[in-house]
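Structure, as structure tokens:
Since every read-out is calculated from the coordinates, none of them should be taken as a lab result. Computed from a predicted structure; not experimentally measured. Note: ideal-geometry Cβ built from the backbone for every residue, glycine included; neighbour counts use all protein chains shown.
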Amino acid sequence: MYGSAIGYTYTHDEKFLEVFRKALAFYLSRLPEDLVPCWDMLFAPESGEPRDSSSAAIVACGLLEAAKYVDETEAAQWRTLARQMLASLATNYAVKPGTLGSGQLLHGTYSKKAPTTPAPRRAWMNARAGAIIFTWRR
């Protein structure tokens, strides 16, 4: 979704916003109450699969970027949603004093199924991409 927002930023091709809206609708249909999705959008929130805080941070950034290019009603909705996502990340997923972690966000998931990634490192990591965007947009 962030890529679609950036694509529109540089091209002003409406197709990027169409893709953004469709992807956002699907993304929102798969979110749990805390607005942080499972590591793969194939899983429903009640599946028990690990969450992906990086995904939420990147989507929040995309929402803020795309909000610059739509009417004020839609922009306000997207900015509100982005703020809610960032607030959930800050409250539920940010590394806090006394927390074991060296990044900004806990519970980032990457390469969960990759055979070259050791199993303990596949989930619940401080994933860099989301942490960078989370810090940049706070």
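Enumerate the aspartates and glutamates that residue 22 could reach by cross-link, defined here as Cα to Cα under 13 Å, with residues fewer than 8 away along the same chain left out.
Straight-line reach from residue 22, under 13 Å: 14.
Long-range amide H contacts for residue 94: which residues qualify at under 5 Å (H placed 1.01 Å from N, peptide plane, sequence gap of 5 or more or a different chain)?
106
Place the peptides 54-61, 79-86, 4-11 in order of packing, highest mean first, counting for every residue the other Cβ atoms within 10 Å and averaging per peptide.
Output ranking for 54-61, 79-86, 4-11: 54-61, 79-86, 4-11.
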